[in-house]
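The values are calculated or read from the model by the stated rules, or taken from the named source; none is laboratory data. All values derive from a computational prediction rather than experimental measurement. Here the Cβ is made from the backbone with ideal geometry for all residues, glycine too, and neighbour counts use every protein chain on show. Keep in mind that these areas ignore ligands, DNA and RNA; they rest on the heavy atoms of the full protein, side chains included. Shrake-Rupley method; radii C 1.70, N 1.55, O 1.52, S 1.80 Å.
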Amino acid sequence: MSFPLLASSTTPPPPPLPTAIPDRPPSLTQRVHIPSHIYKHPTAILLELCTSMKELHQILPHIIKNGLYNEHLFETKLISLFTKYGSLNDATKVFDFANLKVDPMYHTMLKAHTRQSTVDSSLSFYSRLRYENVTPVIYNFGYLLKACADNSDVLKGKQVHAQLILHGFSDNLFAMTSLVNLYAKCGMVGDAYKMFDRMPDRDLVCWNTVIAGYAQNGMSKRALELVLRMQEEGCHRPDSVTVVSILPACAAIGSLRMGKSIHGYVYRNGFESLVNVSTALVDMYAKCGSVGTARLVFDKIDSKTIVSLNAMIDGYARNGYYDEALIIFRRMLDEGFKPTNVTIMSTLHACAESRNLELGQFVHQLVNQLGLGSNVAVVNSLISMYCKCQRVDIAAELFKNLKGKTLVSWNAMILGYAQNGHVMDALTLFCKMHLLNIKPDSFTMVSVVTALAELSVLRQAKWIHGFAIRACLNRNVFAATALVDMYAKCGAVHTARKLFDIMDDRHVTTWNAMIDGYGTHGFGMEAVELFEEMRKGNVKPNDITFLCVISACSHSGFVEKGRNYFKIMREEYSLEPSMDHYGAMVDLVGRAGRLGEAWNFIDNMPVRPGLNVYGAMLGACKIHKNVDLGEKAADKLFELDPDDGGYHVLLANMYATASMWHKVAKVRTMMERKGIQKTPGCSLVDLRNEVHTFYSGSTSHPQSEKIYAYLETLLDRIKAAGYIPDTDSIHDVEDDVQEQLLKSHSEKLAISFGLLNTSAGTTIHIRKNLRVCGDCHSATKYISLVMKREIIVRDMHRFHHFKNGVCSCGDYW
């Protein structure tokens, strides 16, 4: 049988593992006499002193020049050094040409194969070892089992297990520990425990192996129980390896108390000076939300490694301290550390969440310099970063050129499209993924459902819900939560509640989605009742929950309830309000007409008010026609230099409502100077698998003539029922022209199209990109009364359910 050198381009499949132990040929001696002039030769001494591959290549010419390359001592030493410095090819050449191959040579070569080559190559060499009548030693099986474990190759690992039994090592402690490690790393932690349980004697390494196996397979509580059992049985005291294994288990279950207890043990036993232990403590504290303590531990590490730096960067990013994460990253580069793929991914996460596109692009350049451009996990992080920074075009290009796409890649791109309003691109990519037979997971469903929630088409919502049921993903708590949110955003809030009620498990985000759904639909009492039900249960409200319930109170005018929730947020739940909470409170109080109170609230804020706070104040002043306070809010607002033209339009509309036309002109001039354009009003209606788009005054639709003619008749009917056009926001034109401008608003055109093309009694769903104007709101109420239709309008802030001449908002929006 011949064995090609590993230098060849392909690795042959391994021969079948031997089932019997061949007899050892008596001719091969294992004790080789080395003449004194050989082992005392200067070149032999140089080999003993060799410390690098570079030095070894400098010594080789001396070996050849002195004719020593066929000497057994030099062959053995060269094989050892070549394998030590990672050159398996060179070691193989020396081994194959060696005249006398003793057992230690085979063992050295097998060890090198397991560390530097594939599992198949390692097993192939093992087969050669057995074919050439070399008796395996226990460490051969240890190396082979470790290679199988590191590659999660349980099938080949079981073959090695069989060989181990065949050679009589089944009770060997080292072998049994290697088997525990194999099965644990292959996710078969039950089998790993069976091997552990059969051991007549167990050393600390055995205990650490099975504890790490449980911890790494997500069975954190069982890992911690084993640590306690180990101590109760009086076998061994945990060492630094035990500590490093169980700290991630504490982090996984969020047990800060247990983590602190282990930290105390670390301190009492003098393990704090070990970098790997301190790094594990940093990681545990950060993942348990105690990032300040993590930083204290981190600062005490004298010789920081790239792993400890990665732990701190990830800890900051994970807890929302993105600027601090990026500071550590910059400091790491300044100190000359070479970033790893873990560094890059944590830093990109911080860039994405802080919307730091400039630094994100710098990290992208660094990725290319480090040769990580083909690393799929790194590219996935780049895709997510660019999507979060609203450069979905760059993300799409990265995705297109990525080889070896994983499900995570598809999920990141679909979600990126959804988050950036590219709904059809997200759906197209999902369909392409389906055609390629790539099975979606719960994250895929969440991404697609998020896109459809923004599309707000009930028919599409039902389609994806059916898909989730067929894929058996509808019971996943995150997918089910996304479905609840989607139905609420598609106007079917009662369907959302039915789904919510049948869920076996509800995450805090599930409660948030349902409370927010009720709030945006104007069902404030239902939102409050659900929140109170949540408080009585086991799921603890978070900051988003309070934002949702305060906003729901704002939409329904429950000022005192909203104020109370803002109070208990801090007092009962120790949650610090964010700028969004302050904005919601200003909206709550201001929308109710308490403008002076709202302004006092802003003056007494403990932090500098942001755009959303002054924006809410300006909106309230526009509703209640308080120009003086509105101007004060606008002055503060524009000091913050907002890019959004909506605030300028809001100010202009406030002036228009007060008939202050010269100030309207002034605002428009300011907008022109800054290059800010007003977003044109746009309404969409879904009909027979097609979305129809209408802009104010547009005549491009194929049915335009019919729509405008029908609208004329419709306006006459609602005027007869009591509708009076609101022309306060239009000036400098005749009365009939004012009415003409109002009747061509996009939502009126969309409603007319819907009435023309659907049968009596059909509910009409309209989506509006801006806030519904007062005149359209009034007209739609009368249309629902006259035509006996339910009309659901989703504008940029909330839903309006029009039925029998009444809106669900109670004219409070």
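What ³J(HN,Hα) values, in whole Hz, does the Karplus curve 6.51 cos²θ - 1.76 cosθ + 1.60 give for region 104-110 when θ = phi - 60°, with x put for Gly and Pro?
x, 5, 4, 5, 5, 5, 5
Taking the Cα-to-Cβ direction at LEU687 and at PHE638 and moving 7 Å from each Cα, how far apart do the two end points lie in nm?
4.2
Summarise the accessible area of the chain (1.4 Å probe, protein heavy atoms) by the percent that is carbon and sulfur.
Working: 20400 of 39160 Å².
Carbon-and-sulfur percentage of accessible area, whole number: 52.
How large is the dipole of the chain about the Cα centre if only Lys and Arg carry +1 and Asp and Glu carry -1, each at its Cβ, rounded to the nearest 20 debye? Spell out each step's value before the answer.
On the way: 86 positive and 80 negative charges, 296 e Å.
Roughly 1420 debye for the chain.
Ranked highest first by average number of other Cβ atoms within 10 Å, how do 574-585, 173-184 line up?
On the way: 574-585: 18.6, 173-184: 24.3.
The most tightly packed comes first, giving 173-184, 574-585.
Using θ = phi - 60° and the Karplus curve 6.51 cos²θ - 1.76 cosθ + 1.60, what whole-Hz ³J(HN,Hα) does each residue of region 486-498 get, with Gly and Pro shown as x?
5, 4, 4, 6, 9, x, 9, 5, 6, 5, 4, 5, 4
What's the Cα-based Rg to Rh of region 492-645, Rh via Kirkwood? List each step's numbers first, then the result.
Numbers: Rg = 16.4 Å, Rh = 16.2 Å.
My calculation puts Rg/Rh at 1.01.
Could you size up the charge dipole of region 238-384 around its Cα centre, putting +1 on the beta carbon of Lys and Arg and -1 on that of Asp and Glu, and report it in debye to the nearest 20?
Working: 12 positive and 12 negative charges, 55 e Å.
Charge dipole, region 238-384, about its Cα centre: 260 debye, nearest 20.
If you average the sequence gap of Cα pairs under 8 Å that are 6 or more apart and divide by the length of region 683-807, what percent do you get for the contact order?
Working: 180 pairs, mean separation 33.0, N = 125.
So the answer I get is 26 percent.
Per residue of region 214-222, what does 6.51 cos²θ - 1.76 cosθ + 1.60 with θ = phi - 60° give for ³J(HN,Hα)? Whole Hz please, x for Gly and Pro, Karplus curve as stated.
Going residue by residue, I get 5, 4, 6, 9, x, 9, 5, 4, 5 Hz, with x marking Gly and Pro.
Principal axis lengths of the chain from Cα atoms, whole Å, largest first?
Projected onto its principal axes, the Cα set of the chain covers 118, 59, 52 Å.
Tell me the relative contact order for the chain as a rounded percent, counting alpha carbon contacts under 8 Å between residues six or more apart. Walk me through the intermediate numbers first.
Numbers: 1124 pairs, mean separation 35.8, N = 813.
Value for the chain: 4 percent.
Would you please give the residues with an amide H less than 5 Å from that of CYS682, counting only those at least 5 places away or on a separate chain, with H modeled from the backbone geometry?
Placed amide hydrogens put ASN769, LEU770 under 5 Å from CYS682.
Using a simple spin-label model with points 7 Å from Cα along the Cα→Cβ vector, what separation in nm is obtained for LEU756 and LYS678?
Those two pseudo-labels are separated by 2.6 nm.
Hey, what's the chain come to in accessible area per residue, 1.4 Å probe, Å²?
Values: 39160 Å² over 813 residues.
Heavy-atom accessible area per residue stands at 48 Å².
Sum up the charges of everything whose Cβ sits under 9 Å from the Cβ of CYS773, counting Lys and Arg as +1 and Asp and Glu as -1, but leave CYS773 out. Can you show the working numbers first?
Values: positive: ARG771; negative: ASP726, GLU747, ASP775.
Result for the neighbourhood of CYS773: -2.
In whole percent, what relative contact order does region 389-464 give with Cα contacts below 8 Å and a gap of six or more residues? Intermediate values should be presented prior to the final figure.
Working: 62 pairs, mean separation 22.8, N = 76.
For region 389-464, the relative contact order is 30 percent.
For the pair GLU576 and SER704, how long in nm is the line joining their label points, each one 7 Å along Cα→Cβ?
Spacing of the two 7 Å Cα→Cβ label points: 5.6 nm.
At each listed q (0.12, 0.14 Å⁻¹), what is the log10 of I(q)/I(0) that the Debye formula gives for region 683-807 modelled as equal alpha-carbon point scatterers?
With one equal scatterer per Cα and no solvent, log10 I(q)/I(0) is -0.40, -0.55.
Can you tell me the FRET efficiency between LEU173 and TYR265 if r is taken as the Cβ-Cβ distance and R0 is 25 Å, rounded to the nearest 0.05?
On the way: r = 26 Å, r/R0 = 1.04.
Between LEU173 and TYR265 the formula returns 0.45.
For a quick check: with amide H placed at 1.01 Å from N, whose amide H comes under 5 Å from ILE766's, ignoring anything fewer than 5 positions away on the same chain?
Result for ILE766 returns ILE792, VAL793, ARG794.
Could you size up the charge dipole of region 683-807 around its Cα centre, putting +1 on the beta carbon of Lys and Arg and -1 on that of Asp and Glu, and report it in debye to the nearest 20?
Numbers: 15 positive and 16 negative charges, 160 e Å.
Result for region 683-807 is approximately 760 debye, rounded to the nearest 20.
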